[in-house]
Amino acid sequence: MDHRIHQVPAHQALQLPTAKTSKNDNHESSFKDVLAEQQQLKISKHATERLEERNIHINDKQWQAIGEKMEEAKQKGITDSLVVTNKAALLVSAKNNTVVTAMNREEATNRIFTNINGTILIDE
């Protein structure tokens, strides 16, 4: 058996292709844009149908307030929340940033909500 140490030629470091960045590139996204997109509140198909059939209208300002409160709730460890506004009650998954279902306030007064670990009250 040969106990000599053999010299192994040095290999160049693995070079990964670099992304071409150009200020004129329309496909470029900043970290802030990507983060904002990830934090954006989504509405499930089921919730969209419930909002339409129950004639519940929530304006952009209200959606923004709901989204901001959901982020606060998520930071406090809430995963599933009931969001109560003057007109509606929404079940929201904070973990997925998704509105799961919606009902008007009259319907919500006769309901028992389970599997939530937080409630958010929104004044309009």
## Note on the structure
Karplus ³J(HN,Hα) for region 47-63 (6.51 cos²θ - 1.76 cosθ + 1.60, θ = phi - 60°; Hz, whole; x = Gly/Pro) runs 5, 4, 4, 5, 4, 5, 5, 9, 6, 9, 10, 10, 7, 4, 4, 5, 4
### Task
Go through region 107-114 residue by residue and turn each phi into a ³J(HN,Hα) via Karplus (6.51, -1.76, 1.60, θ = phi - 60°); whole Hz please, and just put x for glycine and proline.
5, 5, 5, 9, 10, 10, 9, 10
## Note on the structure
The long-range amide H neighbours of THR119, using H built 1.01 Å from N in the peptide plane and a cut-off of under 5 Å, are LEU82
#### Entry: Assigned charges on the beta-carbon of Lys, Arg, Asp, Glu; region 42-121 dipole about Cα centre (debye)
120 debye
## Note on the structure
Listed by chain and number, the residues whose amide H is under 5 Å from that of ALA88, excluding neighbours fewer than 5 places away on the same chain and using placed H, are ARG105
### Task
State, as an integer percentage, the relative contact order of region 65-124 based on alpha-carbon contacts under 8 Å between residues 6 or more apart.
38 percent
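Quick note: the coordinates plus some simple rules give every number you see, no bench work behind them. None of these values were measured; they are calculated from a predicted model. No Cβ is skipped: glycine too gets one built from the backbone with ideal geometry, and neighbour counts run over all protein chains shown.
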